[in-house]
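Written out below as structure tokens is the structure these notes cover.
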Amino acid sequence: MSAQPRSLLDPALIVPALGSALLKLDPRQLIRNPVMFAVEVVALVAVVLFARDLAVRSPSAGFSGQLAFWLWATVYFATFSEAIAEGRGKAQADALRRTRSDTMAKRLVGQGGDYEEIAAPALKVGDLVLVEPGDLIPGDGEVVEGVATVDESAITGESAPVIRESGGDRSAVTGGTKVLSDRITVRITAASGSSFLDRMIALVEGAERAKTPNEIALTILLAGLSLIFVLAVATIPSFAAYSGGVVPVVVLVALFVTLIPTTIGGLLSAIGIAGMNRLVRFNVLAMSGRAVEAAGDVDVLLLDKTGTITLGNRQAAEFRPLPGVTARELADAAQLASLSDETPEGRSIVVLAKAAHGLRGREMAPLAATFIPFSAQARMSGVDIGATKIRKGAADAVLKHVKTLGGQIPDELGAIVERVAREGGTPLVVSTDARALGVVYLKDIVKGGIRERFQELRAMGIRTVMITGDNPMTAAAIAAEAGVDDFLAEATPEAKLALIRKEQEGGKLVAMCGDGTNDAPALAQADVGVAMQTGTVAAREAGNMVDLDSDPTKLIEIVGIGKQLLMTRGALTTFSIANDVAKYFAIIPAMFVALYPPLGALNVMGLASPQSAILSAIIFNALIIVALVPLALKGVSYTPSSAAALLRRNLLVYGLGGLVAPFIGIKLVDLAITSVGLA
Amino acid sequence: MTINGWMQIAVFCAIVLALVRPLGGFLFRLYAGARTFLHPVLAPVERGFYRLAGVRPDAEQSWASYALAMLAFHVAGFLAVYGLLRLQGVLPLNPQGFAGVTPDLALNTAISFITNTDWQSYGGEATLSYGSQMWALTVQNFLSAATGMALAVALIRGFARRSAKGIGNFWTDLTRSVLYVLLPACIVFALIYVALGVPQTLQPYLTAKTLEGADQTIALGPVASQLAIKMLGTNGGGFFNANSAHPFENPSALSNLIQMVSIFAIGAALTNVFGRMVGDERQGWAILGAMGALFLAGVGLVYWAEAGANPIHAAIGLDPSAGNMEGKEVRFGIALSALFAVVTTAASCGAVNAMHDSFSAIGGLIPMVNMQLGEVIVGGVGAGLYGILLFAVVAVFVAGLMVGRTPEYVGKKIEGREVKLTMLALLCSPAATLLALAVAIVVPAGLAGLQESGPHGFSEALYATTSAAANNGSAFAGLTANSPFWNVTLAIGMMIGRFALIVPMLAVAGSLAAKSKVPPSAGTFPTHGPLFVGLLVGVVLIMGGLTYFPALTLGPVADAFATAAGDTR
């Protein structure tokens, strides 16, 4: 998946595309694209006319032959653009497919740990399999027992191994990845053929590509425009007859093809495929094109504070004891509560206790201690040593715990907590049994440059909401420092879901990312839900995108890619329609000058002859498709700014440019073909 | 062109602009069901009508029932007019003793008036009795105009409402349009016209002795009452054949100004109703801005073309400084004839105060283009607004993508269904115009109606099919359209141009009304500024104009080049 973006001129991409573009000329396939299908039909007509001209040895056979050639070229260039866009995905798909070799699975039978070897595709959902070091995991599943380091580079391109363990938020494993150490038992959650890897292959290959809502709407518009031009062209013979002349059918065909929006019609599917590929290159998999489009429409971004806005690890910076408690006493309890806590915060408390008070780490085993891990519901962790319960955690959670044990809350505690929170830190209250000891000041470090990113988002009209488990005061301080628009403090999964619902009721589209099982409802509710690859199966199923790098900051890039996709479509549509003006000025005088010679004055480009004018228009029309393939694949350049600014710029470049460019282009083609004597 | 001429044009524009907000505010309150200053008098009458008809005024209709009610109403209207015209000979108020109207002419006229086209294949004072003018035509003038207003309000509701099933009630909208707007205003206007010298009588035609001692029949009738609604309802069907060029139908510069203002008044005010209903008046001004830009460009071109002399006339020694006065009334002159021609074709009215056939080629081209753009430059009452809103949907869809979001207009997402229906609506008028033209200019029955041959004859036919499909009703006078072929062809064109557009348009309204509203943000495509105005103008010109480019080239454009080259064909 780490396939680097390849150059467009890479022969490894171009050669197969040349071939598959030919196959795509099949009318049964092409009918999905009404504009190009129409071109193909009239190209066939042109061939028939050419054959007739040849048969009767008409002097215009050279002209009709060239027209027929360029009409076919127009269709071919369109299918080629689609083929080359798919080709880039195919290269990625092939790399993936190699990892899906015929693995053998060790399916557990009975309780005793016995297993039988069966082929991976024969596994059923719910089967339990044993995976040992060096084995490829045979299918998507969930670790139900054990911890292992897993090499997921086949999927993510990231070579550093990751930890997968039962329970918690890192339980999902993907078929085709390799276990490096330890043995795990995995429950298979996806049948062969519908696994994550299979879906990825299908997605990047574009095999499952259904038209997105917006693409359908645009196709209708283009088909409607084509119909209008059918009318405009089909009535010309009658007009010409009134005026006492005849317009050759092959000329009508040429006019029709230049007028209908072939440029956007030819490049439309390439743009869509390229948009998906751009995401894939960012190591994000969209489960549907619809999700990519929705990303462009997002109004509200819900961002987890930790890891996105602040550096993942908060550092313990200070112990602030209550009156009557020494700092050392507080540090001692905090250290005990943190010894088994593998979170960065827990580790930083141990480090601070040693640095500030010289407290060394102790072995937990001889203390007969039970570690109480952090949970999103309890919002505290700690340790039970015999009957002594040491806890550290969110202020309200620990205070509730102290109260339930019958303890009193000293008034000073509130003041300490509040001061820490106001300074933007996270207050962690430490208690021993029913006695509150004081506060550990955890310092949050806001990522460099994130403030500017949020400013960009605001300019694009996107509101950012920081989601954090912190209390409102801490959250407000960090929100102010990071420059987010709003925050949701003391967030529970339910609060997150409620927030999304509220925003959506106001007509807004919401994007969020998440990894835990408890994020699943919110991920499913959000319009764009990006699940982390490291997350649980439930989260991955609920989201409509998966981030293989598990980097929540990427949500911002995803929005940009969605917008770029829509902008590219709009820009090329505008360009395509604006082109028509020049094409009319090329063909209409050429067509009617024989009927009314003064109409030659409309030949503002000064094209050499009626025949060269018509040929130039049709050649320009074909070549512009090829010329715009790189733009279609790369997307129009995009810098985050307000809609008004974007529109002004794009209207100028693609609207005005689309009006002017063909006048120059057609004139140049005319000069070229007349100088080599083609017309 | 003279300073005086431009000042007359400026005065007209200023009056129309000044009326937009007060009239818009009144209409907004009326259609929202709020009380207006007319309610104390008219509300009981309104309630009486509902009780008589058994209509519940606040019962919401879905777009489909709204459309069905509208269609049923028009079928009834058609049968009534057709019957009244056919039976004219035996009905009262027929002092001249005119016979019943022929079937094809009655068909054409009935469709013409129910579709707000007012194409006149008949000569008013030579064919129709006072009774027919009053109960067949004038009644439809009110009803077709009120229908246009109702439809526009229904579409606006589609944009304004959120997650709604209904788009209003056709019967209520229709009744209110007639009762509170058209009827009171027309009573006032009719009295003003009478004061300015327009006849209003049921007496038979007068016979006068001329200075030479010859007998001259002077046609009279209830002119003022029909004139008022003909203008305000953008109907355009003249009492007399010469329409508003006739001294009894448009006696002075003042009556001319009032007529032009009343053509634009409601159409322009409806843009403000749109703005108010979607909660941002700037949206309405932007629409009016796009209309205004196209309008001023048209006026400038026609005025310039008509103020210039015909090179062929100049070549034979005629004074070029008078401009092209052929077919124009001396009491209006070049500027007011040019302005009237642009106003009447921009607005789907079709009344004329000069003969467009006698305009220079370019001067005749602009009125045609105005109609071909879909009559969206202010447009027919209601029809202009829903026409340009459809173009706005296309403009927003094409360009809105360029800001990187699913296109939305005044908070409504424009998706596949709206695009499909909008394209369908926008397709019907070009189809009707071009297909009818393609047939008419090759079959002998069609060619027989043309006065000229060559490009000018082509223009006459193009003007007629355009005018019918656009529901304008004005004519390039050279065409003799009262033949079975032209009567039937144009009747079909008028039907398609009206109803084939309305039904998908109402479906768009229904589809939009059902959507929720996206709140605006910095990422929203702004549709209230000059950028959008320019874009909308561009889309109207490209979508509307390019379709007709070949036909226009062979008609007025070829005509213009030929005239410039001194070719008198």
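The values are calculated or read from the model by the stated rules, or taken from the named source; none is laboratory data. Note that the structure is predicted; figures quoted are calculated from it, not measured. Heads up, the Cβs are rebuilt from the backbone with ideal geometry, glycines too, and the neighbour counts pull from every protein chain shown. The area values use the complete protein model at the heavy-atom level, side chains included, leaving out ligands, DNA and RNA. Shrake-Rupley method; radii C 1.70, N 1.55, O 1.52, S 1.80 Å.
Looking at A:279, A:252, can you tell me which residue is away from every other protein chain (no Cβ under 11 Å) and among the aliphatic types (A, V, I, L, M)?
The match here is A:279.
Given the criteria buried (at least 24 other Cβ atoms within 10 Å of the Cβ), without any contact (Cβ under 8 Å) to a residue 40 or more places away in the chain and either within 24 Å of residue A:585 (Cβ to Cβ) or within 12 Å of chain B (Cβ to nearest Cβ) (or both), does residue A:239 qualify?
yes
Kindly establish whether residue B:383 is away from chain A (no Cβ under 12 Å), at pLDDT 90 or above and in contact with a strand residue (DSSP E or B) (Cβ under 8 Å, 6 or more places away or on another chain).
So residue B:383 fails the test.
Scan the stretch B:314-337 for residues that are closer than 27 Å to residue B:387 by Cα and free of Cβ contacts under 8 Å to residues at least 60 places away in the same chain and jot them down.
Within the stretch B:314-337, B:337 is the sole residue that qualifies.
Take residue B:179 and tell me if it is hydrophobic (A, V, I, L, M, F, W, C) and either surrounded by fewer than 24 Cβ atoms within 10 Å (Cβ to Cβ) or under 18 Å from the mean Cα position of the chain (by Cα) (or both).
Here the answer is yes, as residue B:179 does meet what is asked.
Picking from B:508, B:518, B:442, which residue would you name as being within 14 Å of chain A (Cβ to nearest Cβ), modelled with pLDDT of 95 or more and over 18 Å from the mean Cα position of the chain (by Cα)?
B:508 is the lone residue from the list that is within 14 Å of chain A (Cβ to nearest Cβ), modelled with pLDDT of 95 or more and over 18 Å from the mean Cα position of the chain (by Cα).
Does residue A:486 meet the test of being within 11 Å of another protein chain (Cβ to nearest Cβ), surrounded by fewer than 24 Cβ atoms within 10 Å (Cβ to Cβ) and not β-branched (Val, Ile, Thr)?
Taking the combined requirement at face value, the residue does not satisfy it.
Being away from chain B (no Cβ under 13 Å), open to solvent by 20 Å² or more (accessible area, probe 1.4 Å), under 43 Å from the mean Cα position of the chain (by Cα) and within 30 Å of residue B:455 (Cα to Cα) is the requirement here; does residue A:663 meet it?
Considered against the rule, which asks whether it is away from chain B (no Cβ under 13 Å), open to solvent by 20 Å² or more (accessible area, probe 1.4 Å), under 43 Å from the mean Cα position of the chain (by Cα) and within 30 Å of residue B:455 (Cα to Cα), residue A:663 comes out as yes.
For the stretch B:16-31, enumerate the residues that are surrounded by fewer than 15 Cβ atoms within 10 Å (Cβ to Cβ) and among the hydrophobic types (A, V, I, L, M, F, W, C).
Result: B:17, B:18.
Could you tell me which residue of the stretch B:536-568 is farthest from residue B:310 (Cα to Cα), considering only residues that are more than 7 Å from chain A (Cβ to nearest Cβ) and open to solvent by 40 Å² or more (accessible area, probe 1.4 Å)?
B:541
Pick out the one residue from B:400, B:416 that is within 13 Å of another protein chain (Cβ to nearest Cβ) and open to solvent by 10 Å² or more (accessible area, probe 1.4 Å).
The match here is B:416.
Need at least 2 residues that are within 12 Å of chain B (Cβ to nearest Cβ) per element, so show me which helices (runs of 4 or more DSSP H) inside the stretch A:542-654 make the cut, counting only ones lying wholly within it.
A:555-592, A:643-650
With the requirement that a residue be among the small types (Gly, Ala, Ser), in contact (Cβ under 8 Å) with a residue 12 or more places away in the chain and open to solvent by 30 Å² or more (accessible area, probe 1.4 Å), what does the stretch B:507-533 give you?
B:514, B:516
Need pairs with beta-carbon distance below 9 Å; first residue within 21 Å of residue B:157 (Cβ to Cβ) and within the stretch B:21-48, second open to solvent by 70 Å² or more (accessible area, probe 1.4 Å) and part of a helix (DSSP H, G or I); sequence gap 6+ or separate chains.
Between residues of the stretch B:21-48 that are within 21 Å of residue B:157 (Cβ to Cβ) and residues that are open to solvent by 70 Å² or more (accessible area, probe 1.4 Å) and part of a helix (DSSP H, G or I), the close pairs are B:35/B:29; B:36/B:29.
Looking at this structure, is residue A:227 within 30 Å of residue A:575 (Cα to Cα), open to solvent by 20 Å² or more (accessible area, probe 1.4 Å), in contact with a Leu (Cβ under 7 Å, 6 or more places away or on another chain) and at the interface with another protein chain (Cβ under 7 Å from one of its Cβ atoms)?
So residue A:227 fits the description; yes.
Within the stretch A:256-314, can you find the residues that are more than 12 Å from the chain's Cα centre (by Cα) and closer than 20 Å to residue A:508 by Cβ?
Matches in the stretch A:256-314: A:297, A:298, A:299, A:300, A:301, A:302, A:303, A:304, A:308.
In the list B:228, B:253, which residue meets the criterion of being among the aliphatic types (A, V, I, L, M), at negative phi, without any contact (Cβ under 8 Å) to a residue 60 or more places away in the chain and out of contact with any Leu (no Cβ under 6 Å at 6 or more places or on another chain)?
After applying the criteria, what remains is B:228.
Sort out which residues of the stretch A:641-652 are open to solvent by 50 Å² or more (accessible area, probe 1.4 Å) and either closer than 21 Å to residue A:456 by Cβ or at pLDDT 95 or above (or both), and write them in order of number.
Scanning the stretch A:641-652 gives A:648, A:649.
Determine which member of the set A:15, A:39, A:45, A:35 is part of a helix (DSSP H, G or I), open to solvent by 70 Å² or more (accessible area, probe 1.4 Å) and either in contact (Cβ under 8 Å) with a residue 60 or more places away in the chain or not basic (Lys, Arg) (or both).
Among A:15, A:39, A:45, A:35, only A:15 is part of a helix (DSSP H, G or I), open to solvent by 70 Å² or more (accessible area, probe 1.4 Å) and either in contact (Cβ under 8 Å) with a residue 60 or more places away in the chain or not basic (Lys, Arg) (or both).
Please go through the stretch A:516-550 and give me each residue that is among the acidic types (Asp, Glu), more than 11 Å from residue A:279 (Cβ to Cβ) and touching a residue at least 24 places away in the same chain (Cβ under 8 Å), ordered by number.
Within the stretch A:516-550, A:519, A:527, A:549 qualify.
Please list, ordered by residue number, the helices (runs of 4 or more DSSP H) wholly in the stretch B:416-494 having 3 or more residues that are among the polar types (S, T, N, Q).
Once the helices (runs of 4 or more DSSP H) in the stretch B:416-494 are filtered for at least 3 residues that are among the polar types (S, T, N, Q), what remains is B:416-440, B:454-469.
Within the stretch B:403-413, restricting attention to residues that are of a type in the set (Lys, Arg) and open to solvent by less than 10 Å² (accessible area, probe 1.4 Å), which residue is nearest to the other protein chains (Cβ to nearest Cβ)?
B:405
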